[in-house]
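**Q** My questions all concern the structure below.
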Amino acid sequence: MSLNIAILSGKGGTGKTTVSTSLTKLLKSNYVDCDVEEPNGFIFFKPKVVKSQDVTVEYPVIDSSKCTICGECAKVCQFNALCKSKNGIMVFEKLCHSCGACSIVCKNKALTYKERVIGIVEEGFSKDISCMRGVLNVGEPMAVPVIKKLLGNLKTGLNILDCSPGTSCNVITTLLKSDAAVLVTEPSAFGLHDLALSVKLLRKLDIPFGVVVNKYSNQDDTILSYCKSEDINIFGVIPFSREGAVNYSKGNMLLDSDEFKHCFNEIAQNMRGVFLWN
Amino acid sequence: MELVVISGKGGTGKTTISAALSELAEDVVNADCDVDAPNLYLMYKGENIEQENFCGGKKAVIDYNLCIGCGMCEKHCKFDAIKHNKVIDYKCEGCGACAVVCYKNAIKLIDEKTAETYVTKTNYGDNKTKVISRAEMEVGTEGSGKLVTEVRKNAKKHIEGRSIIIDGSPGIGCAVMASLTGCDVCVIVTEPTISGFEDFLRVLAVCEHFGIKPLVCINKFDLNLSMTEEIEKFCNENNFIVAGKVPFDETVMKAINNLKPITYYKESPACTAIINMWLTIKKEINK
């Protein structure tokens, strides 16, 4: 049995990893860093990595002895990964989505596929906590295959999925494997704007969710008012604290300071109530 | 001249810095290329002088009048996007493999509207106007990279000899690459945290990949002086110029919540630091 909870935000820097790592430690769950472009979670867990696997994708290779340069492969490719020139077919590997359409249309069986490495997934333990992450190789444009590989190896039990910022491919790929979500926001005009975009996405995907307001100050209730008006569960708030920011900067978890323990306890309790797990 | 502001890590202050530089540079066109979560335009609301639908990809559509339910499409789909003869929109990458294998021609690829692009003109101050090119993505769509390219293209249509300042997105993937390619100047905004530094190194490697030597801005530098020192040491040892160090300043949040660039608050320490940084950036551009 598994329960996968995505921690996302829309806006970057609101505190996804801050919340994910502390929640994982409190709930003794599994931690999965799905922000494969810029993973930070392992800084806080410092796990001993026990398993490492390359993430590969397929790309087409043209056998020039069989290729008649008819150009059908280039015509069918929706991603401009193949280009017909006078001298042959050029392949742009990094644009290839590995869909296989080109080899289906090739009448001369001139197309085969090779694999190339675009990243890595790693698994380790920090005390008893299972930590996993994906890391996209610098220079690779597409993170989704790394995220998919990572999510294909999820352990049973409660999985906290630390998402990338944004609301597009990377986040959607993670959400498609999620049973529930926690939206981490900050009380600013930008935070509110991007929260609304994330709410739209979660509603479209029909994923139950609640909100955590990080860097909260009771001077500003715009996020809480928005949540109330939209009938959105508020799991809790984490007060802004310069000391908290400094601790974070050093790679320390907020849960380890007494100042924040009760915040995470309240968040976890409210999450249990809404997501209904024991 | 195209200047792009990126960061690697989210939340370091790209939009704060881009907006400020845009004010200091005065006669520039803005491009809000953080298309997933655009914030720059919030400071520059005005009149939309251009609005277009953008199709970032295609989706497979099955004509059930022709479909005989043979399942060939599902067999060939590499994305698990067809189940029980139905196309699952979110998983469909619009590759067309299903359309190719369907011998009943029951599958077509149709253009999917993934966003609307806008060019917005804002009047402010004494007869000044700001032009900003931006986009609003349809919820749940993909193809951020292509959209970034379109937003930049639209900005270029309005330059009239001016420069462009691009507010980039976090990360190192296609959206960031689409923001970086072809730029003349790049400013990486980082923060003095272990997470920030690690992410900075990765986005720096992307810049090197593109043959761009970026300038560095250490934002909220006083939150961790030893970390700031570490970043500066790295930059010195590797010949990267730290164009500016901006202190943590509560006025920045006040400015954001008033939807104003920080340059409106002349007394703010962050504003002073950014003004000095702009002078350094200009010096480097003119070299």
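The values are calculated or read from the model by the stated rules, or taken from the named source; none is laboratory data. A quick note: this is a predicted structure, and the numbers were derived from the prediction, not measured. For neighbour counting, all protein chains shown are included, and Cβ atoms are generated from backbone atoms with ideal geometry for every residue, glycine included.
**Q** Take the residues in the range B:152-210 that are part of a helix (DSSP H, G or I) and of a type in the set (S, T, N, Q), then tell me which one is nearest to the other protein chains (Cβ to nearest Cβ).
**A** Among them, the one singled out is B:Ser195.
**Q** While we're looking at this one, here's another question. Does at least one position in the range B:139-155 carry a residue that is under 30 Å from B:Tyr90 (Cα atoms), without any contact (Cβ under 8 Å) to a residue 60 or more places away in the chain and more than 16 Å from the chain's Cα centre (by Cα)?
**A** yes
**Q** Just name the residue that is surrounded by the most Cβ atoms within 10 Å (Cβ to Cβ) out of those in the range A:89-108 that are within 32 Å of the chain's Cα centre (by Cα) and charged (D, E, K, R).
**A** The qualifying residue surrounded by the most Cβ atoms within 10 Å (Cβ to Cβ) is A:Lys94.
**Q** Output the qualifying pairs, or none if there are none: Cβ atoms under 8 angstrom, residues six or more apart or on different chains, first residue in the range A:157-168 and over 8 Å from A:Asp33 (Cα atoms), second residue part of a strand (DSSP E or B) and among the small types (Gly, Ala, Ser).
**A** A:Gly157/A:Ser2; A:Leu158/A:Ser2; A:Asn159/A:Ser2
**Q** Is it the case that the range B:238-255 has a residue that's without any contact (Cβ under 8 Å) to a residue 40 or more places away in the chain, among the charged types (D, E, K, R), closer than 17 Å to B:Leu21 by Cβ and in a loop (DSSP other than H, G, I, E, B)?
**A** Looking for residues that are without any contact (Cβ under 8 Å) to a residue 40 or more places away in the chain, among the charged types (D, E, K, R), closer than 17 Å to B:Leu21 by Cβ and in a loop (DSSP other than H, G, I, E, B), one finds at least one in the range B:238-255, hence yes.
Residue-wise test of (1) more than 25 Å from B:Asp32 (Cα to Cα); (2) surrounded by 17 or more Cβ atoms within 10 Å (Cβ to Cβ).
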| residue | (1), (2) |
| --- | --- |
| B:Ala81 | yes, yes |
| B:Asn123 | no, no |
| B:Lys146 | no, yes |
| B:Glu150 | no, yes |
| B:Glu160 | no, no |
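**Q** Please work out if B:Phe234 is among the hydrophobic types (A, V, I, L, M, F, W, C) and under 23 Å from the mean Cα position of the chain (by Cα).
**A** Answer is no for this residue.
**Q** Determine which member of the set A:Leu195, A:Leu175, A:Leu202 is closer than 21 Å to B:Cys174 by Cα and either of a type in the set (Phe, Trp, Tyr) or more than 7 Å from chain B (Cβ to nearest Cβ) (or both).
**A** When all the criteria are applied, what remains is A:Leu175.
Conditions (1) surrounded by 14 or more Cβ atoms within 10 Å (Cβ to Cβ); (2) aromatic (Phe, Trp, Tyr); (3) at pLDDT 95 or above, marked per residue:
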position	(1), (2), (3)
B:Glu50	yes, no, yes
B:Asn53	no, no, yes
B:Lys59	yes, no, yes
B:Lys75	no, no, yes
B:Lys91	yes, no, no
B:Tyr118	yes, yes, yes
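**Q** Related question: Identify all residues within the range A:1-25 that are surrounded by fewer than 24 Cβ atoms within 10 Å (Cβ to Cβ), more than 18 Å from A:Ile234 (Cβ to Cβ) and modelled with pLDDT of 95 or more; write none if there are none.
**A** Matches in the range A:1-25: A:Leu3, A:Asn4, A:Lys25.
**Q** Let me ask you something else. Given the conditions (1) facing chain B (nearest Cβ under 9 Å); (2) surrounded by 18 or more Cβ atoms within 10 Å (Cβ to Cβ); (3) over 18 Å from the mean Cα position of the chain (by Cα); (4) of a type outside the set (S, T, N, Q), report the number of the one that A:Cys227 does not fulfil.
**A** Unmet for A:Cys227, out of (1) facing chain B (nearest Cβ under 9 Å); (2) surrounded by 18 or more Cβ atoms within 10 Å (Cβ to Cβ); (3) over 18 Å from the mean Cα position of the chain (by Cα); (4) of a type outside the set (S, T, N, Q): (1).
**Q** Go through the residues of the range A:39-53 one by one and say whether even a single one is surrounded by fewer than 21 Cβ atoms within 10 Å (Cβ to Cβ), at pLDDT 95 or above and touching a His at 6+ places or on another chain (Cβ under 9 Å).
**A** There is no residue in the range A:39-53 that is surrounded by fewer than 21 Cβ atoms within 10 Å (Cβ to Cβ), at pLDDT 95 or above and touching a His at 6+ places or on another chain (Cβ under 9 Å).
**Q** Considering each residue of the range B:1-40, count those that are part of a loop (DSSP other than H, G, I, E, B) and either away from chain A (no Cβ under 14 Å) or among the hydrophobic types (A, V, I, L, M, F, W, C) (or both), and give that number.
**A** So the answer is 6.
**Q** Residue check: is B:Ile218 buried (at least 16 other Cβ atoms within 10 Å of the Cβ), within 21 Å of the chain's Cα centre (by Cα) and part of a loop (DSSP other than H, G, I, E, B)?
**A** In short, no.
**Q** Return the residue satisfying two criteria in turn: it lies in the range A:239-253 and is more than 7 Å from chain B (Cβ to nearest Cβ) and hydrophobic (A, V, I, L, M, F, W, C), and of such residues it is surrounded by the fewest Cβ atoms within 10 Å (Cβ to Cβ).
**A** A:Phe240
**Q** Only one of (1) surrounded by fewer than 21 Cβ atoms within 10 Å (Cβ to Cβ); (2) in contact (Cβ under 8 Å) with a residue 24 or more places away in the chain is not met by B:Thr16, so which one is it?
**A** (1)
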